[in-house]
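Here the structure comes first, spelled out in structure tokens, and everything after it is commentary.
Each reported figure results from applying straightforward, stated rules to the coordinates on display, with no laboratory input. Note that this is a predicted model, so its numbers are computed, not measured. Neighbour counts are summed over all protein chains in view; Cβ atoms, including those assigned to glycine, are modelled from backbone coordinates with ideal geometry.
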Amino acid sequence: MGYSADDEVLRGINFHLRTGSFHFLTGPSGAGKTSLLRLMYLAHRASGGVVRIFNRDIAKTRRSVLPGLRRRIGVVFQDFRLLDHLSARDNVALTLRIGRVREDTIRDHVTELLDWVGLGDHLDAKPPTLSDGEKQRVAIARAVIGRPNLLVADEPTGSVDEYQGVRIMRLFEELNRIGTTVVIATHDRRLISQFNYPVMELDHGTFDITGNN
Amino acid sequence: MFRQHFDLPLGEDGSGRFVPWIVAVMVYLATLSVAAGMAVNRSVDKWDIGLEGTVTVEIAASNAAAENAGERMARALSLLRETAGVRSAIPIPDDEISRLLEPWLGQGDVPLTLPIPQLIDVRLEAGTKLDLDALGTLLANAVPGARLDDHQYWTERLSDFGRSVQITSAFIVALVALAGAGTVVFATRAGLAIHREVIELMHLVGSRDSYIAGQFQAHAMSLSLRGGVVGLALGAATLGVLRGIAAPIEGSLLPTVNITAGAWAVLAALPLLAGLIATITARVTVVRALREMP
């Protein structure tokens, strides 16, 4: 994969994620983790090779089909990417509204989930008034509210304390138990060692998977 | 009932702030243009209806001693009154002819100094298919100097004039619509640039182009409707003022500024038309721009 003809970011990567699997993705900065994640959450189409998601060859998939596939993927961005003009509640509700879910269902689910991530008293707070840890929890709630088939999280515990980090990992495990395939990109070796999941290691041109895939 | 939820903060940026004002000006111009077109058409119709079923017979003045004006008039009247399909044939009195000529010749004993023709006002039976050409020929043969005028030349020119005003009015409305659409394109593109990151995010979480376009088009429609209503109100006020100014000279050939209920319905549709154009333009602009995204 590359952003231009002479700027190749990923090469020689070949892997298959079983439905319902849980993986960590790690590697040094600049190794291409974010680029790999962007391919997985369909922000880019690969310039070469084959990317198959939900049994579809993405390069050959019509553009009009992509939104439906994206709604099956939950993404936690490293920089949160919350909408500053919307409240925490509306940020989380965004994916459901886009999916045309009924407003009363949205209200109930969003309130419950924000309560679960410890933001029950921040429902109407706008992101600029929240701490980084709180923003991260809103971003996670937005990613998981639609019960995605694939969850892709880029450093999801980077801005929260250890207690919240473990709670968030437990939430991901809950989702994984009901069938969501989870990929967590992280630098945090301690976090990786705390959970016994396979690790995809990306290091400037080399790609390995260790552990039970 | 209808509640539009805006995920995009379109109302908070300056991109659309000028749209209502420009649309107001556009709808104002369109209102005046359409009202003028309708007023002229109504006058043309009125004049046309006034001339329908009438012809005028003109008997040219003659210096020949043998020709007695009274005899020629009597012969013409007799011929006309005996013609099937003619309801009445009444000579127009000399003082009425003088009054008709006053705007051009001034007051005075006009008939004494100028060879003024005699005129007959002829009314036809409604629904009669009278061969006016044949009647004209018959008159000309029977009465030297007699000529039948069916006003065709006048009504054709009136009709041409009415059509020209209509075309001009439609052209102005089309130009206004085009300029309005251009304004919406500009504002929408500015909005797309300002909110690029939000739009990208919405794409990544699975938003369809139509969902994002829906937000832009609802915003454009709201701005245009607001501007349109203001433009229509200003147009109505202007028409009211013009009507007040024209009132003392009513009864003349000036088009009347009275707006009928039907005409008001047409004018009231202009803000809706502006809203519709804005909606379609915004949608097309956004969908085209979003196609560039992965």
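For the protein assembly as shown, give me the percentage of DSSP beta bridges that are antiparallel, rounded to the nearest 5 percent.
The antiparallel fraction comes to roughly 60 percent.
When chain B is treated as a GNM, springs tying every alpha-carbon pair under 10 Å, which of B:121, B:131, B:149 comes out with the largest mean-square fluctuation?
Checking each option, the largest mean-square fluctuation is seen for B:131.
Run lengths n ≥ 4 of DSSP H only: what is the helix-derived mean residue ellipticity at 222 nm for chain B, with -39500 (n - 2.57) per run over all residues, to the nearest 500?
Rounded to the nearest 500, it is -23000 deg cm²/dmol.
Determine, for each peptide in B:36-45, A:152-161, B:151-160, B:80-89, the mean count of other beta carbons within 10 angstrom over its residues, then list the peptides with the highest first.
Per-residue Cβ counts within 10 Å, averaged per peptide and sorted highest first, yield A:152-161, B:36-45, B:80-89, B:151-160.
Compute the relative contact order of chain B as a whole-number percentage, counting only Cα pairs closer than 8 Å that sit 6 or more residues apart in sequence.
In percent, rounded to a whole number, it is 35.
Take the alpha-carbon positions of the protein assembly as shown, form their convex hull, and give its projected area averaged over all directions (one quarter of the hull surface) in nm².
That works out to 37.7 nm², a quarter of the Cα hull's surface.
Please compute the average number of Cβ atoms from other chains found within 10 Å of each residue's Cβ in peptide A:83-92.
What the average comes to for A:83-92 is 3.
Taking each residue of B:197-203 in turn, how many C-beta atoms of other protein chains fall within 10 Å of its C-beta, and what is the average?
Taking all residues of B:197-203 together, the mean is 4.
Whole-Å semi-axes of the range A:59-145's equivalent ellipsoid, largest first, each the root of 5 times a Cα gyration tensor eigenvalue?
Here the semi-axes work out to 24, 15, 10 Å.
Quick one: compute the contact order of chain A, relative version, from alpha carbon pairs under 8 angstrom and 6+ residues apart, as a percent.
Numbers: 327 pairs, mean separation 70.3, N = 213.
Relative contact order, chain A: 33 percent.
Pop out the ³J(HN,Hα) list for the range B:267-272 in order, Karplus 6.51 cos²θ - 1.76 cosθ + 1.60 with θ = phi - 60°, rounded to Hz; leave Gly and Pro as x.
Once rounded to whole Hz, the list reads 5, 5, 6, 4, x, 5.
I want to check the label-to-label distance for residue B:155 and residue A:177. Put each point 7 Å from Cα in the C-beta direction and report it in nm to one decimal.
In this crude spin-label approximation the distance works out to 9.1 nm.
Can you say what percent of the DSSP beta bridges in the range A:90-213, counting only those with both residues inside, are antiparallel? Round to 5.
50
Whole-Hz ³J(HN,Hα) for each residue in the range A:125-132, computed from phi via Karplus 6.51 cos²θ - 1.76 cosθ + 1.60 with θ = phi - 60°, x for glycine and proline: what do you get?
3J(HN,Hα) across the range A:125-132, in whole Hz: 6, 8, x, x, 8, 9, 6, 4.
In terms of modelled amide H atoms, which long-range or inter-chain residues lie less than 5 Å from the amide H of residue A:25?
Under 5 Å from the amide H of residue A:25 lie the amide H atoms of A:184, A:185, A:186, A:200, each far enough along the sequence or on another chain.
Tell me the Rg and the Dmax, in Å, that the Cα atoms of the range B:134-185 produce.
Using the Cα atoms of the range B:134-185, the pair Rg, Dmax is 22.6, 71 Å.
Once Rh is set to the Kirkwood radius over Cα pairs, what Stokes-Einstein translational diffusion coefficient, in µm²/s, holds for chain A at a temperature of 37 °C and a viscosity of 0.692 mPa s? List each step's numbers first, then the result.
Working: Rh = 17.8 Å.
Translational diffusion coefficient: 184 µm²/s.
Quick check on chain A: helices-only [θ] at 222 nm, where DSSP H runs of length 4 and up contribute -39,500 (n - 2.57) each and the sum goes over total residues. Nearest 500, please.
Working: 7 runs with 73 residues, N = 213.
Here the helix-only value at 222 nm equals -10000 deg cm²/dmol.
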